[in-house]
Amino acid sequence: MLAPYAVRVEQSRGRRFPESQHPYRNDFQRDRDRIIHARAFRRLEAKTQVFTRRYSDHFRDRLTHTLEVTQISRTIAGALALNADLAEALALVHDIGHPPFGHAGEKALNAAMLDHGLSFDHNLHALRIVEDFEQRYAAFPGLNLTFEVREGIIKHSRDYAAKDYPELSQYLLDQRPPLEAQLIDLTDEIAYNTADLDDGYEAHLVTLEEIREGVPIFERFYGEVAQLYPHAPNKLKFNEVLKRILNRFADDLIQNTRSSLTQSAIRSLDDVRNHPERLAAFSPVVNAERQQTKDFLHEFVYFSPSLADEKDNAERVVIELFNFWMENPKALPHHYQEKAKEESLPRMICDYIAGMTDHFIFEQHEKYCG
């Protein structure tokens, strides 16, 4: 019962290394399962989303955030008659390339690479993980995922110019990704815009009054909730408001994308790929509400003075370890020393650090940098 513009698993461009069909799982379901069983996926449990365990064990980490994105993605893909199995696999793998310490770690790792004329991109690192670093099968390197999942890993959140990334030429850089991939960046925003408000409030970085004043959509729904549940505790009112915000964002994404498909006369996957812009999108009104929420989070949560010391420390740890291994490459694990003979030393150090969990990188920093 898929829409004519959905990705059909039987029309997949296949795997890099051909495999026989599984008797009761299709190829996108097998990709989902390979991702879930990957070591890099398990490590997400010990990587910071926004808040470290210093605040609470209840806050989101990369893994719980990923699961929330997956739930939203599968629901929206189903409502649009898209391939929910593909959307689920892409949601599960979308953050697998993130380094420790959240965006602070990513910023520091990219800065270290820029000193060597290189860069760090978590989407491209995720592709390296699934194509090379994960070693689970005797028949082939990596996870041998389908083309559509590999394409979605790099194209779900941004477009790459073919002239700047010739090594990615096989991924149809002159075309839009399928709708299943286009959804992921938007469901990611739905998940973290609501979750980070929740965690920021629980961490006492922002008060209920500040959120009501700074996030118009929150204030509007809060008035509705207060009338319905006048005697409920503030936290339960807060939860009811977040539920309504999430529902509004998700419903708008479904309705507006459906409207765009109709207006653009999209009748096939080729129409989606050849359309001049991405078709999955929020309406202008809801997009403005999303941006207001995101702006509030940047000002009051992500760049809160309370988090500044942790972020500075995280960046220092990454930079000092990177520099140590540049000066002492024989201190790297043997596997990375060998790979550094095939690729540059900075890239191998970057790969090693990016795969670390928060606590492991602290152990390595203590061991080598004191």
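The values are calculated or read from the model by the stated rules, or taken from the named source; none is laboratory data. Every value quoted in this text rests on a predicted model; they were computed, and no experiment measured them. Heads up, the Cβs are rebuilt from the backbone with ideal geometry, glycines too, and the neighbour counts pull from every protein chain shown.
Worth pointing out:
- Filtered residue count, region 207-248, keeping only those that are small (Gly, Ala, Ser) and out of contact with any helix residue (DSSP H, G or I) (no Cβ under 8 Å at 6 or more places or on another chain): 1
- Close pairs (6 angstrom Cβ cut-off, 6 or more residues apart or separate chains): in the same structural domain as Gln364 (by TED's automatic domain parsing) and under 12 Å from Tyr352 (Cβ atoms) in region 320-336, outside any loop (DSSP other than H, G, I, E, B) and among the aromatic types (Phe, Trp, Tyr) anywhere: Phe324/Tyr368; Leu332/Trp325; Tyr336/Tyr352
- Test for His98: is it surrounded by 22 or more Cβ atoms within 10 Å (Cβ to Cβ) and not hydroxyl-bearing (Ser, Thr, Tyr): yes
- Enumeration of residues in region 174-195 that are assigned to a loop (DSSP other than H, G, I, E, B) and either among the acidic types (Asp, Glu) or under 13 Å from Asn123 (Cβ atoms) (or both): Asp174, Pro177
- Taking the conditions (1) in contact with a Gly (Cβ under 8 Å, 6 or more places away or on another chain); (2) part of a helix (DSSP H, G or I) in turn, Val206 satisfies each one other than (2).
- Complete set of residues in region 249-301 that are within 19 Å of Ala79 (Cβ to Cβ), among the charged types (D, E, K, R) and touching a helix residue (DSSP H, G or I) at 6+ places or on another chain (Cβ under 7 Å): Asp252, Arg278, Arg290
- Cβ-Cβ contacts under 8 Å between residues 6 or more apart (or on different chains), taken from a first residue in region 224-250 that is assigned to a loop (DSSP other than H, G, I, E, B) to a second residue that is basic (Lys, Arg), are listed as Tyr229/Lys237.
- The residues of region 317-360 that are over 24 Å from Gly117 (Cβ atoms) and within 23 Å of the chain's Cα centre (by Cα), listed by number, are Thr357, Asp358, His359, Phe360.
- Set side by side, the residues Leu90, Leu145, Leu86, Leu124 differ, and just one is among the aliphatic types (A, V, I, L, M) and either farther than 15 Å from Asp31 by Cα or surrounded by fewer than 19 Cβ atoms within 10 Å (Cβ to Cβ) (or both), which is Leu124.
- Pairs linking a residue in region 128-155 that is not assigned by TED's automatic domain parsing to the domain that holds Ala181 to a residue that is modelled with pLDDT of 95 or more and in a helix (DSSP H, G or I), with Cβ atoms under 8 Å and 6 or more positions apart or on different chains, do not occur.
- When Leu118 is tested against (1) of a type in the set (A, V, I, L, M); (2) in a loop (DSSP other than H, G, I, E, B); (3) touching a Lys or Arg at 6+ places or on another chain (Cβ under 9 Å); (4) closer than 25 Å to Ser12 by Cα, exactly one condition is not met: (4).
- Criterion violated by Arg43 - all others in (1) surrounded by 19 or more Cβ atoms within 10 Å (Cβ to Cβ); (2) touching a residue at least 24 places away in the same chain (Cβ under 8 Å); (3) under 13 Å from Ala195 (Cβ atoms) satisfied: (3)
- Among the helices (runs of 4 or more DSSP H) confined to region 279-360, the ones with at least 1 residues that are loosely packed, with under 13 Cβ neighbours inside 10 Å are located at 284-297, 305-327, 334-339.
- Those residues of region 33-89 which are modelled with pLDDT of 95 or more and outside any helix (DSSP H, G or I), in sequence order: His37, Ala38, Leu80, Ala81, Leu82, Asn83
- Condition met for Ala126 (outside any helix (DSSP H, G or I) and hydrophobic (A, V, I, L, M, F, W, C)): no
- Residue within region 236-252 that is among the basic types (Lys, Arg), modelled with pLDDT of 95 or more and farther than 25 Å from Glu180 by Cα present: yes
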